[in-house]
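The values are calculated or read from the model by the stated rules, or taken from the named source; none is laboratory data. Keep in mind that what you see is a predicted model, and the values were worked out from it rather than measured. So basically every Cβ, Gly included, is an ideal-geometry build from the backbone, and we count neighbours across all protein chains shown. SASA here: full protein model, heavy atoms, side chains in, ligands and nucleic acids out. Shrake-Rupley method; radii C 1.70, N 1.55, O 1.52, S 1.80 Å.
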Amino acid sequence: MTREETLDDSLGLAGRFQEQFPLVAMLLITDRPTELALPALRAGVRDLVEPDISVDAMRWTLRHAIEKAGASGASSDDPQSVGRVITVASPKGGVGKTTLATNLAVGLAQQSPTGTVLVDLDIQFGDVSAALDLDPTYTIGDAVHGSTLRDATGLKTLLTKHSTGLHVLCGVKSPVEADEITAEDVSTIIGLLKAEFRYVVIDTAPGLVPHTLSALDHTTDLVLVASLDVPSVRGLRKELELLEELELPPATRHVAVNMVGRGGGLSVADVEATIGRPVDFVIPRSPKIIASTNRGRPLLQEPGRDKLRRDLTQIVDRFSPITARKPGLDWSGRHRGAAS
Ligand SMILES: Nc1ncnc2c1ncn2[C@@H]1O[C@H](COP(=O)(O)OP(=O)(O)OP(=O)(O)O)[C@@H](O)[C@H]1O
Ligand SMILES: [Mg+2]
């Protein structure tokens with residue numbers, strides 16, 4: 001039987017199930033999700049997942065499919081029913097964490113508008129609001145006052161809605177307010193949000209400060225960012241070593257090298273040799289990014305098909321369940337040629 005015949009059979013079976021057992025939720029496991037999305041959804045498939053989906057993403061997808069099918073009373077109190085928590089961190093400041101976190105969040109929100117929240121965990125000097133041109137009524141400072149932290153419903157009233165549908169827990173307006181926010185508060189906040197949202201994207205302050213460590217307790221994916229200079233790459237190596245020593249819950253690690261350009265003497269291969277692992281994402285240095293920061297509109301918010309957007313989209317695709325295999329990515333989604 002050919003691959004296409006097997007597929008026809010699977011979709012035919014899905015169609016018959018849909019007719020006879022409408023409360024059964026069906027998922028299609030495929031390495032061609034983009035191509036098959038339409039025929040599969042028409043046949044009654046609830047969602048498409050790739051064979052290498054993470055356990056957490058699979059849990060979320062199953063729960064979501066069951067809820068949509070109305071077949072179960074799955075509750076968000078169920079600790080197993082959690083979304084993907086993606087933390088963007090770096091040992092050094094100014095390397096592009098906020099740029100990558102906001103682009104990633106906006107990109108994920110375009111696929112899951114009501115299911116994506118971005119948290120500004122750069123507690124003192126967070127600038128997510130500026131990067132997204134938001135003027136929040138409430139901030140993370142309000143979350144730790146009164147009874148808001150008791151349940152997700154209260155916390156959700158403090159989120160600011162971005163034009164893409166993305167929800168944002170914005171950073172405090174003055175660093176003084178930041179003193180009241182403890183690492184335990186951060187843990188409670190992330191715990192509540194991950195039960196409600198499919199994607200929780202977290203922007204952090206430089207270094208492994210206590211608030212970031214709290215976030216790492218919940219993190220399913222850690223994106224470590226460095227720029228192409230010796231202090232940044234050395235810091236990256238030290239942070240990776242420290243993460244090995246800390247007894248944190250396992251999170252998939254992804255390394256992004258940002259602001260890559262001519263000059264400076266270091267190459268992506270040098271970074272890989274220094275850290276002893278491949279670089280996953282390579283983002284070039286570009287004045288377009290500076291302009292987008294200044295406008296308060298992440299590049300992925302605006303339409304366009306240039307290489308820079310494709311590079312940023314690779315990060316979004318890594319976390320999205322419906323992932324298009326793009327040229328330049330190998331089977332694991334890794335930047336092809338990054339190790340050379
Ligand atoms: N690839 C890039 N090319 C050119 N400029 C960039 C690039 N990435 C980020 N920048 C610019 O670098 C500056 C710092 O970026 P960003 O605020 O994202 O860094 P950060 O790591 O969040 O900094 P901090 O540690 O202070 O929070 C911004 O002005 C941003 O526009
Ligand atoms: Mg920042």
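Some notes on this structure:
- For the chain, the 222 nm mean residue ellipticity estimated from helices alone, with every DSSP H stretch of n ≥ 4 adding -39500 (n - 2.57) and the total spread over all residues, rounds to -12000 deg cm²/dmol.
- For the range 104-207, the list of trypsin sites (Lys or Arg not before Pro) that fall in a loop by DSSP and count at most 16 other C-beta atoms within 10 angstrom reads LYS173.
- Estimated D of the chain in µm² per second, where Rh is the Kirkwood radius over Cα pairs and Stokes-Einstein applies at 4 °C, 1.567 mPa s: 62
- Solvent-accessible area per residue for the range 140-265 (1.4 angstrom probe, square angstrom): 43
- Surface composition of the chain: carbon and sulfur make up 54 percent of the accessible area, probe 1.4 Å.
- Taking 32 Å as the limit for the C-alpha separation, the pairs LYS194/LYS238; LYS156/LYS238; LYS161/LYS238; LYS156/LYS307 exceed it in the case of LYS156/LYS238; LYS161/LYS238; LYS156/LYS307.
- 1.4 Å probe accessible area per residue over the range 3-69, in Å²: 58
- On the basis of the beta-carbon distance and an R0 of 25 Å, MET58 and THR2 show a calculated FRET efficiency of 0.35.
- In percent, rounded to a whole number, the relative contact order of the range 84-319 is 28, using alpha-carbon pairs under 8 Å and six or more apart.
- Estimated D of the range 133-191 in µm² per second, where Rh is the Kirkwood radius over Cα pairs and Stokes-Einstein applies at 25 °C, 0.890 mPa s: 207
- Volume of the convex hull of the range 3-69 (Cα atoms only), normalised per residue: 74 Å³.
- THR164 sits among other residues whose Cβ lies under 14 Å from its own Cβ, and their net charge, with Lys and Arg +1 and Asp and Glu -1, is 0.
- Amide H contacts of VAL225 (H built 1.01 Å from N, under 5 Å, at least 5 apart or other chain): ALA89, SER90, ALA256
- Over the range 191-296: Kirkwood hydrodynamic radius from C-alpha pairwise inverse distances, Å: 15.3
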